[in-house]
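Data first, discussion second: the structure below is written as structure tokens.
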Amino acid sequence: MHNTSKSVLPRNPFRFLVTVTRPHWGWALAAFASVLVAQSLTKSVLYIFQRVIDSAGAYTGHTGELSAVVMWVALYPTIVIISELIWRLSGFMGLRWSTGARATSHGVLFDYLSRHSAMFFANRFAGSLTSNITNVVNGIGSMIELILWQYFSTLLNIIISFGLVFYTNKLVALVFVGWLAVIVPVNFIFMRKIEKTAKASADGLSKLRGLTVDILSNILAVTQFARRGDEVARIRASADTQRRLAAK
């Protein structure tokens, strides 16, 4: 049981992720390590393939040259198979991290919610509160997937690619850095825009789900007092609001 009070519950998504990851650091570190190794091996495949071509092109019939060709040809599928296995391993490690963090976040959030006053619950839809917890728990899983297999993997890809380009041609490496100096800030701007839109859409979806759950929970009263048409209109208006928030 997590003894988390309202005053220490992180409001920043990344800090909250760090908090719920603490009991699962081992899986998280193993997942990052496996992605690091897998991405490094994946990028090295291009270099090995180039050596296969170079050694085959330089072969003139000498025994030493033939052994080099055989070595690079044998190494190519070996590295490919090993990299694929480690990618699968990263999926297993990441899944253990994600499921653990999601379970921890659910417990932390329910503990946090249960500490509120009776007036807090009286002024809010129970379905909306439940939906908020579900959204956060699902968001933790999505954040882990994005960080591990997109952001971290992409960062490794850029660093390794730059190293290979710099080793091959320093002038091309400078062009590569210039391209990054332009594309990274542009992507950051778009990410901030998407983040705001996603938050507004999630809030609207939580309200829509909460309203739906509460109406269905009281469907007998709605029917008895002939309020079905009014409640359907509320649902449609809420759904339209959520659509407009998601489309911004």
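Miscellaneous remarks
- Residue within the stretch 97-114 that is farther than 23 Å from residue 146 by Cα and not in a helix (DSSP H, G or I) present: no
- The residue pairs whose first member lies in the stretch 144-171 and is without any contact (Cβ under 8 Å) to a residue 12 or more places away in the chain and loosely packed, with under 14 Cβ neighbours inside 10 Å, whose second member is part of a helix (DSSP H, G or I) and among the basic types (Lys, Arg), and whose beta carbons are closer than 9 Å, counting only pairs six or more residues apart or on different chains, are 163/43.
- Single residue of 83, 40, 117 found to be of a type in the set (Ser, Thr, Tyr) and either within 30 Å of residue 9 (Cβ to Cβ) or touching a Phe, Trp or Tyr at 6+ places or on another chain (Cβ under 8 Å) (or both): 117
- Set 102, 88, 124, 115: member being surrounded by fewer than 14 Cβ atoms within 10 Å (Cβ to Cβ), of a type in the set (Lys, Arg) and over 25 Å from residue 37 (Cα atoms): 115
- Test: residue in the stretch 32-42 that is closer than 30 Å to residue 114 by Cβ, without any contact (Cβ under 8 Å) to a residue 60 or more places away in the chain and touching a helix residue (DSSP H, G or I) at 6+ places or on another chain (Cβ under 6 Å): no
- Selection count, the stretch 1-30, where residues are at pLDDT 90 or above, over 19 Å from residue 138 (Cβ atoms) and among the aliphatic types (A, V, I, L, M): 2
- Unmet criterion (only one of (1) modelled with pLDDT of 80 or more; (2) not in a helix (DSSP H, G or I)) for residue 38: (2)
- Where residue 173 falls short, out of the listed (1) more than 20 Å from residue 46 (Cβ to Cβ); (2) modelled with pLDDT under 75: (1)
The values are calculated or read from the model by the stated rules, or taken from the named source; none is laboratory data. Note that the structure is a prediction, hence the values are computed from the model and not measured. Note: ideal-geometry Cβ built from the backbone for every residue, glycine included; neighbour counts use all protein chains shown.
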